[in-house]
Amino acid sequence: MTLRVAQILHDSITDGPGLRAVVFLQGCGHGCAGCHNPDLQSFRGGTEMSPEDIVNEIVRNPLISGVTFSGGEPMDQAEALIPAAFALKEKGYNIWIYTGYLWEELDGARRELAALADVVVDGLFVLERRTWSLPWRGSDNQRLIDVKKSGKDIVEWEP
Ligand code: SF4
């Protein structure tokens, strides 16, 4: 099982709390106007990596405390991403996932992957609702969902 990965950052402070690795998954079909990562929309680009390759790449930096899956659309590669998220969770990393899907739309492998995260940032980027004042969101329709506390009712994550 392989994933298409555009890039892995090893030292981000803008994609969730603390010093984090960010895995940018290649491929996204949402087509948001004003997309901030248009190069990541094609499902053909990027590099093929196994879940183990991703984990091995991340553990190289002993300073990071969290891992963020972004894109692109991580949920479109949910099945292959589950083993990586599971292994990283087992190692004690704080996990965030960005997705253009709504929490309520996540089912099957997508729901399984979401359950491994601490926080899911959901919803499309909406250009008319772009914000610079809300941390970790591109537009104010997006929600920071506290996965452990959310089920049918959504509980927003608080720092
Ligand atoms: S979900 Fe993100 S990567 Fe996909 S089109 Fe929208 S802004 Fe771009």
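Give the residues of the range 112-134 that are farther than 19 Å from Ala33 by Cα, away from the ligand (no atom under 15 Å from the Cβ) and of a type in the set (A, V, I, L, M, F, W, C), sorted by residue number.
Listed by number, the residues that qualify are Leu113, Ala114, Ala115, Leu116, Ala117, Val119, Leu134.
Condition first: of a type in the set (Val, Ile, Thr), more than 17 Å from the chain's Cα centre (by Cα) and over 16 Å from Gly18 (Cα atoms). Now tell me which residues in the range 45-80 satisfy that.
Thr47, the sole residue that qualifies.
For the range 44-56, name all the residues that are surrounded by fewer than 16 Cβ atoms within 10 Å (Cβ to Cβ) and either within 22 Å of Tyr101 (Cα to Cα) or of a type in the set (D, E, K, R) (or both).
Within the range 44-56, Arg44, Gly45, Glu48, Glu52 qualify.
Here is a yes/no grid of residues against (1) away from the ligand (no atom under 15 Å from the Cβ); (2) assigned to a loop (DSSP other than H, G, I, E, B); (3) in contact with a Phe, Trp or Tyr (Cβ under 6 Å, 6 or more places away or on another chain); (4) at positive phi:
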residue	(1), (2), (3), (4)
Glu104	yes, no, no, no
Arg110	no, no, no, no
Trp136	no, yes, no, yes
Asn141	no, yes, no, no
Glu158	yes, yes, no, no
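Could you identify the single residue in Asp53, Asp15, Asp39 that is away from the ligand (no atom under 16 Å from the Cβ) and either among the β-branched types (Val, Ile, Thr) or out of contact with any helix residue (DSSP H, G or I) (no Cβ under 6 Å at 6 or more places or on another chain) (or both)?
Testing whether each residue is away from the ligand (no atom under 16 Å from the Cβ) and either among the β-branched types (Val, Ile, Thr) or out of contact with any helix residue (DSSP H, G or I) (no Cβ under 6 Å at 6 or more places or on another chain) (or both) leaves just Asp53.
Go through the range 96-148 and report how many residues are hydroxyl-bearing (Ser, Thr, Tyr) and crowded, with 16+ Cβ neighbours inside 10 Å.
Qualifying residue count, the range 96-148: 4.
Looking at Phe69, Phe43, can you tell me which residue is of a type in the set (Phe, Trp, Tyr), over 18 Å from Arg137 (Cα atoms) and not in a helix (DSSP H, G or I)?
Sole residue among the options that is of a type in the set (Phe, Trp, Tyr), over 18 Å from Arg137 (Cα atoms) and not in a helix (DSSP H, G or I): Phe43.
When the range 83-92 is examined, which residues are found to be buried (at least 22 other Cβ atoms within 10 Å of the Cβ) and either without any contact (Cβ under 8 Å) to a residue 40 or more places away in the chain or within 11 Å of the chain's Cα centre (by Cα) (or both)?
Ala85, Leu88
Restricting to the range 59-82, name every residue that is within 16 Å of the ligand (Cβ to nearest atom) and either touching a Phe, Trp or Tyr at 6+ places or on another chain (Cβ under 9 Å) or in contact (Cβ under 8 Å) with a residue 60 or more places away in the chain (or both).
Thr68, Phe69, Ser70, Gly71, Gly72, Glu73, Pro74, Met75, Asp76, Gln77, Leu81
Every number here is computed from the coordinates shown, using simple stated rules; none is lab data. Because the structure is predicted, anything quoted here is derived from the model rather than measured. Cβ: placed from backbone, ideal geometry, glycine included. Neighbour counts: every protein chain shown.
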